[in-house]
Amino acid sequence: MTRVPRWRIALAMVVQGAMAFLLASFAPIYFRNLELQNYVSDVTHSVAAREQSDDLLRTKVLTRARQLNLPVEEDNVHVVHSSDGMRIDVRYFVRVDFPGYTVNLHFYPGAGSR
């Protein structure tokens, strides 16, 4: 039986540590985005929301995004009413800075009613 060199074990531990660090950095952002997606879906399927103005719906989504600490601006929220129903689309990105590297995570939560 051959033994695994210590440098390989050390390298594997470094790679696993880096993966755990990335997971810990990105997971909260993705979970907050999921919460915003669920909120937008609930709003579009609400009967009362169909009668509300676009500005009021936009304000509701912006308020929820701010509560979740997401960098959503007013022009990132698009509300469309049609004969089929209503659709709300939110497009934004979150900048994550690492030492020596920056990542922009792009999100597109949206939902519509029929």
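The values are calculated or read from the model by the stated rules, or taken from the named source; none is laboratory data. In this text, all values refer to a predicted model and were calculated from it rather than measured experimentally. Neighbour counts are summed over all protein chains in view; Cβ atoms, including those assigned to glycine, are modelled from backbone coordinates with ideal geometry.
Listed values, structure above:
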item	result
Boolean, residue 31 is exposed (fewer than 12 other Cβ atoms within 10 Å of the Cβ) and modelled with pLDDT of 95 or more	yes
Test: residue in the range 40-57 that is within 16 Å of residue 108 (Cα to Cα), of a type in the set (Gly, Ala, Ser) and crowded, with 16+ Cβ neighbours inside 10 Å	yes
Close pairs from the range 1-25: first assigned to a helix (DSSP H, G or I), partner surrounded by 10 or more Cβ atoms within 10 Å (Cβ to Cβ), Cβ under 9 Å, at least 6 apart	21/98; 22/98; 25/96; 25/98; 25/103
Residue that is nearest to residue 109 (Cα to Cα) [pool: residues in the range 69-98 that are of a type in the set (D, E, K, R) and over 13 Å from the mean Cα position of the chain (by Cα)]	87
Test: residue in the range 100-114 that is modelled with pLDDT of 95 or more and touching a Leu at 6+ places or on another chain (Cβ under 6 Å)	no
